[in-house]
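To start, the structure itself, in structure tokens.
We did not get these values from a lab; they are worked out from the coordinates using the rules stated. In this text, all values refer to a predicted model and were calculated from it rather than measured experimentally. In this analysis, Cβ positions are derived from the backbone assuming ideal geometry, glycine residues included, and neighbour counts consider all displayed protein chains.
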Amino acid sequence: MKRFVEGEDRSQSTLFPERLDDYVGEDNPVRVVDVFVDELDLGGLGFSRVEPLATGRPSYHPSALLKLYIYGYLNRVQSSRRLEREAGRNVEVMWLTGRLVPDHKTIANFRKDNGPAIRKVCAQFVGLCRQLNLFADASVAIDGSKFKAVNTRDKNFTRGKVKRRMDQIEESVGRYLHQLDSADRQEPSHARTMTTERLNSKIETLKDEMQRLQKLEALMLATPGQQISLTDPDARSMATSGRGSGMVAYNVQSAVDTKHHLIVAHEVTNSGSDRSQLSSIQLVLPPYLMCLVVGQAIEPRTPQNRTSNAIQMLPNFPVVFVVAPNHQYYLYWLLNTVPQYFSYGM
């Protein structure tokens, strides 16, 4: 192994082992997470179990679980099971949590039980960014992104999907009945008996499925939007750019600082379109910010009278920028029609 960089012998004992702190650089982002969480008033923000109970098994402090949650958010590790694995093998997480390895159920319950408090932590972070003058330019970019929900497409039902499934079942039942008629014309035999029993069993299964779909249809028609998701009731089926690649998801409206790319505010909706979402994101934006609309927040192919009504719903910011690639002609029409809402367009 000469002339190669060699590692240390795994069986070699050391008298003074290295500190865990030596593995985390001074400019590592986890140090910012550690200081930020330690300075928060978790009890005032609404986190539960900040004070330990007098009896029972000791619990994890909310600060350790919050640090783990923020680390997963920064590194795109959303799964509680993956966070559990990272806590046992990732040196950064070991440093951040003090080598604590909470199980995935504890991590999932922490997120479920402290949702409003975590939103307040996001607001505290935005306030910190304002103190550091990271939002000095006072302009943000707003756009929507679709986040896949924990709900398969097979467990999401719309009026069209239920009708298609019912038509498929009726077609299958008709095909099986035709096969039964063909079997009845055959000579009695063991094979004929087995075929008849198999087809009757399939027909009964399809009838049960038809009854289930009829119940779901009644429940779906009574739901706002006439759509129902069985696993995640709030999720909705949304179309994506690819043909036939729709998914059951949420539409997250995010406002991002144009200079430092920091998320200023966000709002989760179950509307598949970005239109009419500017008024909702306005409610959570700081009042000193201007608005930079990215993408086709207002549909260029919408008739002009409907577009004028949609413009009235734009947030009341000092300046509104509209960016619509390949639709410059439409922007020129907007600027000439309602110039009071815009001071710049591209």
#### Entry: Extension reserve of the F147-C122 stretch, reckoned as 0.36 nm per residue once the Cα distance is removed
7.1 nm
### Query
If you plug each phi of the range 215-228 into the Karplus form 6.51 cos²θ - 1.76 cosθ + 1.60 with θ = phi - 60°, what whole-Hz ³J(HN,Hα) values come out, in order, with x for Gly and Pro?
5, 5, 5, 5, 5, 5, 5, 8, 8, x, x, 6, 8, 9
### Task
At a Cα cut-off below 15 Å, give the aspartates and glutamates reachable from K155, other chains included and same-chain residues fewer than 8 away excluded.
E209, E217, D232, D234
### Query
Taking the simple approach of a point 7 Å from Cα along Cα-to-Cβ for both E51 and E6, what is their distance in nm?
6.0 nm
### Query
By the scheme Lys and Arg +1, Asp and Glu -1, what is the net charge of all other residues having a beta-carbon under 15 Å from that of D21?
-3
#### Entry: Residue-by-residue Karplus 3J(HN,Hα) for the range 43-59, coefficients 6.51, -1.76, 1.60, Hz, glycine and proline x
x, x, 7, x, 6, 8, 6, 5, 9, x, 6, 6, 10, x, 6, x, 9
### Query
How big, in percent, is the set of alpha carbon pairs in the range 20-131 lying more than 16 Å apart?
59 percent
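With the convex hull built on the Cα atoms of the range 109-151, state its orientation-averaged projected area in nm².
Orientation-averaged projected area of the Cα hull: 4.7 nm².
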### Query
Once both labels are modelled 7 Å past Cα along the beta-carbon direction, what's the V32-K155 spacing in nm?
3.7 nm
### Reachable lysines, given that their alpha-carbon falls under 20 Å from the alpha-carbon of K67 and they are not under 8 places away in the same chain
K105, K112, K120
### Task
May I ask for the distance between the Cα centers of the range 107-148 and the range 78-98, given as a whole number of Å?
22 Å
